[in-house]
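Written below as structure tokens is the structure these notes are about.
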Number of protein chains: 2
Amino acid sequence: MTDQIADDITSDEDGVPSERVQFILDTGTNLFAEKGYDATSMRDIATASGVSKALLYHHFASKEDIYARISFQATRNLNAFVRESIPQDATAAEKLRAFMRAAARFFSEHRSAWVAASNAFWSDPDRHRMERRLARRREFEKMLRDIIKEGIASGEFNPVDPAMTGRLVLSGINWMHRWHDPEKSLTPEEIVDNYADILLGGVCVKRD
Amino acid sequence: MTDQIADDITSDEDGVPSERVQFILDTGTNLFAEKGYDATSMRDIATASGVSKALLYHHFASKEDIYARISFQATRNLNAFVRESIPQDATAAEKLRAFMRAAARFFSEHRSAWVAASNAFWSDPDRHRMERRLARRREFEKMLRDIIKEGIASGEFNPVDPAMTGRLVLSGINWMHRWHDPEKSLTPEEIVDNYADILLGGVCVKRD
């Protein structure tokens with residue numbers, strides 16, 4: 001099978017990419033994480049992937065295209081990983097904590113994707129893919145709000161604003177990569193566990 | 001008085017810059033906010049400030065230097081503004097809310113400085129100034145932790161981790177500029193008011 005045919009079969013956004021394309025994406029992810037996006041060239045990616053620059057450009061229009069594709073895969077994997085991590089038979093508090101731990105774990109294991117996902121200035125040259133990526137982001141946020149709404153409906157949670165509460169939870173998770181030092185701090189999972197304690201229990205002592 | 005002499009007198013980091021230098025800094029702030037840092041050139045700043053490029057380079061080594069100086073001023077102004085906004089005779093909860101509201105208000109009124117302050121990759125070519133800027137950042141964070149510690153000591157707050165709670169509060173404030181749309185959302189002050197309610201009161205209904 002020629003590259004062209006393989007590419008036609010597997011280039012669907014949600015389809016499984018060919019082994020070679022996936023290998024290039026994984027190589028690119030590692031290089032972006034190690035050297036940074038700006039310092040990584042298409043030549044670096046070609047060399048590290050063991051393909052010619054011509055073949056690399058056959059598969060990807062640009063470095064931005066590779067980054068967009070990595071980020072697109074990451075959003076799908078994030079949603080799937082977090083969804084699978086939330087226990088079905090559990091309190092809303094347990095579900096909220098599981099959501100936070102899973103998101104933090106995913107982001108710490110995929111640091112490059114984490115930075116990409118939290119970069120508001122990031123934009124995909126492929127507008128359709130960009131829209132689908134934003135739809136996945138909304139789906140991720142909805143998963144969180146639904147847990148909060150469930151807790152409110154059952155009387156387990158106070159009547160907090162689900163959107164605002166979700167924003168605050170995601171702020172804690174998203175902002176972490178700006179200050180977290182993997183060498184000397186708690187793990188991201190331990191940090192969000194702390195955040196969950198604070199958010200669920202509240203800072204003020206309740207007197208009633 | 002020649003420019004050179006005026007500059008020597010007022011170039012101390014904490015000193016009051018000359019009117020001309022301050023005008024250039026304010027002009028630069030506006031241009032960075034309007035056009036973005038990358039799209040703004042030294043020529044743009046010179047033209048908008050009504051000075052020659054030669055004179056601009058007499059006062060500032062580079063565009064990065066201007067940005068660093070703006071950001072340096074902003075950290076001082078932020079600390080002073082927030083400190084003055086916290087009521088002395090108040091509960092820790094009221095102080096915490098005042099801290100959050102003042103920080104959010106400052107950031108929304110100085111959006112360019114807000115983005116600069118929250119850019120972890122930002123670095124100042126002047127290492128001494130960079131260190132003093134980081135010291136101010138620590139001072140800002142300490143102001144917040146001290147409020148939390150005060151609330152714990154008086155029994156008003158639960159024995160939360162002051163550092164973690166401070167991180168969560170600042171995450172909510174710092175992350176806002178990545179999603180907040182001044183056109184259609186609540187104001188930053190209203191948003192952090194919501195965050196304060198959630199944090200202080202807690203998500204879970206207390207049963208004891």
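The values are calculated or read from the model by the stated rules, or taken from the named source; none is laboratory data. Predicted, not measured: the structure shown is a model, and the values here were computed from it. Please note: Cβ atoms are built from the backbone with ideal geometry, for glycine as well, and neighbour counts cover all protein chains shown.
Things to note:
- Selection status of B:ILE70, touching a helix residue (DSSP H, G or I) at 6+ places or on another chain (Cβ under 9 Å), in a helix (DSSP H, G or I), of a type in the set (Val, Ile, Thr) and over 23 Å from B:ALA102 (Cα atoms): no
- In the stretch B:145-158, the residues that are among the aromatic types (Phe, Trp, Tyr) form Cβ pairs under 7 Å with partners that are modelled with pLDDT of 95 or more and buried (at least 16 other Cβ atoms within 10 Å of the Cβ), at six or more places apart or across chains, as follows: B:PHE157/B:ALA92; B:PHE157/B:ILE148; B:PHE157/B:GLY151.
- The number of residues in the stretch B:181-208 that are farther than 26 Å from B:LYS142 by Cβ and either surrounded by fewer than 21 Cβ atoms within 10 Å (Cβ to Cβ) or in contact (Cβ under 8 Å) with a residue 12 or more places away in the chain (or both) comes to 13.
- For the stretch A:151-168, filtered to residues that are among the hydrophobic types (A, V, I, L, M, F, W, C) and closer than 19 Å to A:ALA98 by Cβ, the residue that is nearest to the chain's Cα centre (by Cα) is A:LEU168.
- Of residues in the stretch A:141-180 being among the polar types (S, T, N, Q) and within 15 Å of B:LEU199 (Cβ to Cβ), the one nearest to the other protein chains (Cβ to nearest Cβ): A:SER171
- The stretch B:76-103, residues that are closer than 22 Å to B:LEU31 by Cα and buried (at least 21 other Cβ atoms within 10 Å of the Cβ): B:LEU78
- B:LEU78 under 23 Å from the mean Cα position of the chain (by Cα) and within 18 Å of B:ARG133 (Cα to Cα): yes
- For the stretch B:181-189, the count of residues that are at the interface with another protein chain (Cβ under 9 Å from one of its Cβ atoms) and among the charged types (D, E, K, R) is zero.
- Only residues that are crowded, with 17+ Cβ neighbours inside 10 Å and among the charged types (D, E, K, R) were counted in the stretch A:45-64, giving 1.
- Criterion (on the phi < 0 side of the Ramachandran plot and in contact with a Pro (Cβ under 8 Å, 6 or more places away or on another chain)) met by exactly one of B:MET164, B:MET176: B:MET176
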